[in-house]
1. It is to be established whether one or more residues within region 90-100 are open to solvent by less than 40 Å² (accessible area, probe 1.4 Å), under 13 Å from residue 63 (Cα atoms), in a strand (DSSP E or B) and touching a residue at least 12 places away in the same chain (Cβ under 8 Å).
2. Considering only residues that are open to solvent by 20 Å² or more (accessible area, probe 1.4 Å) and either over 16 Å from residue 89 (Cα atoms) or among the small types (Gly, Ala, Ser) (or both), which ones fall in region 142-163?
3. Quickly run through region 101-114 and pick out the residues that are in a loop (DSSP other than H, G, I, E, B) and either open to solvent by 60 Å² or more (accessible area, probe 1.4 Å) or among the hydrophobic types (A, V, I, L, M, F, W, C) (or both).
4. Only one of 84, 61 is among the hydroxyl-bearing types (Ser, Thr, Tyr), surrounded by fewer than 10 Cβ atoms within 10 Å (Cβ to Cβ) and modelled with pLDDT of 85 or more; which?
5. Regarding residue 117, is this residue open to solvent by 20 Å² or more (accessible area, probe 1.4 Å), at pLDDT below 95 and not charged (D, E, K, R)?
6. Among the residues of region 137-176, which ones are over 15 Å from the mean Cα position of the chain (by Cα) and in a strand (DSSP E or B)?
Amino acid sequence: MRPTDPQWMMPEGSVNTMRLVVDEPDTTGPDTAAGDGNDMTPMTIHFERRTHRRFDVEPMSITIERWDGRRDSRLVFGQIIDLSASGVRLRTRQQGIRVDQQIRVRLDLPDNGGIFPFVDTSGGQLQPKREWVGWLAVARVRQVGDSFEVAGRLVDMEEMDRGMLSLYLSTRAMAA
């Protein structure tokens, strides 16, 4: 290898480079002048804002219930559209739901090939379970026809339950 070989030398003059653009292309730089032969197409970078993947569970017809602590008074809150280890999107006909509202809910998911979505740690020994009761922090409410789409975070889920729910959902088809 000789230091004068062209492949090892830095190019002289203008070099075509790629630049990354967050929102708007830079229209003030020299590379945007008309006719300079150096037209660059900006590349936009988008980041996923979700911590966990969403999974489409609407074909499973899973309902979510409002929970007041009594097993004899189950009030169906709505049908789950998609679910992640940290949140849920559901369709309901109940009116008056507001953003930043906290709603006590109960999820009861079927086991999936021997994988249960939650873990019972109350008896001193870990046991699989299908049910989770906790709080839904409403982040978005959108009216669609005569029903409402409600999206929110499952805020007080134990990390072990969140991990098991993530494993449980990973066997399902991902939502778009």
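1. Filtering region 90-100 for residues open to solvent by less than 40 Å² (accessible area, probe 1.4 Å) gives 90, 92, 97.
Among the residues that remain, those that are also under 13 Å from residue 63 (Cα atoms) are: 90, 92.
Checking which are in a strand (DSSP E or B) leaves us with 90, 92.
Checking the rest, the ones that are also touching a residue at least 12 places away in the same chain (Cβ under 8 Å) come to 90, 92.
There is at least one residue in region 90-100 that is open to solvent by less than 40 Å² (accessible area, probe 1.4 Å), under 13 Å from residue 63 (Cα atoms), in a strand (DSSP E or B) and touching a residue at least 12 places away in the same chain (Cβ under 8 Å).
2. 145, 146, 156, 158, 159, 160, 162, 163
3. Initial filter on region 101-114 (in a loop (DSSP other than H, G, I, E, B)): 101, 109-111, 113-114.
The answer is 109, 111, 113.
4. Working: 84 fails: surrounded by fewer than 10 Cβ atoms within 10 Å (Cβ to Cβ).
61 is the lone residue from the list that is among the hydroxyl-bearing types (Ser, Thr, Tyr), surrounded by fewer than 10 Cβ atoms within 10 Å (Cβ to Cβ) and modelled with pLDDT of 85 or more.
5. Values: open to solvent by 20 Å² or more (accessible area, probe 1.4 Å): no; at pLDDT below 95: yes; not charged (D, E, K, R): yes.
Against the criterion (open to solvent by 20 Å² or more (accessible area, probe 1.4 Å), at pLDDT below 95 and not charged (D, E, K, R)), residue 117 does not qualify.
6. Of everything in region 137-176, those that are over 15 Å from the mean Cα position of the chain (by Cα) and in a strand (DSSP E or B) turn out to be 141, 142, 143, 144, 147, 148, 149.
The values are calculated or read from the model by the stated rules, or taken from the named source; none is laboratory data. Since we're looking at a predicted model, the values are computed, not measured. Reconstructed Cβ throughout: ideal geometry from the backbone, glycine too, with neighbour counts over all protein chains shown. Remember, those area values only see protein heavy atoms, side chains included, never the ligands or the DNA or RNA. Shrake-Rupley method; radii C 1.70, N 1.55, O 1.52, S 1.80 Å.
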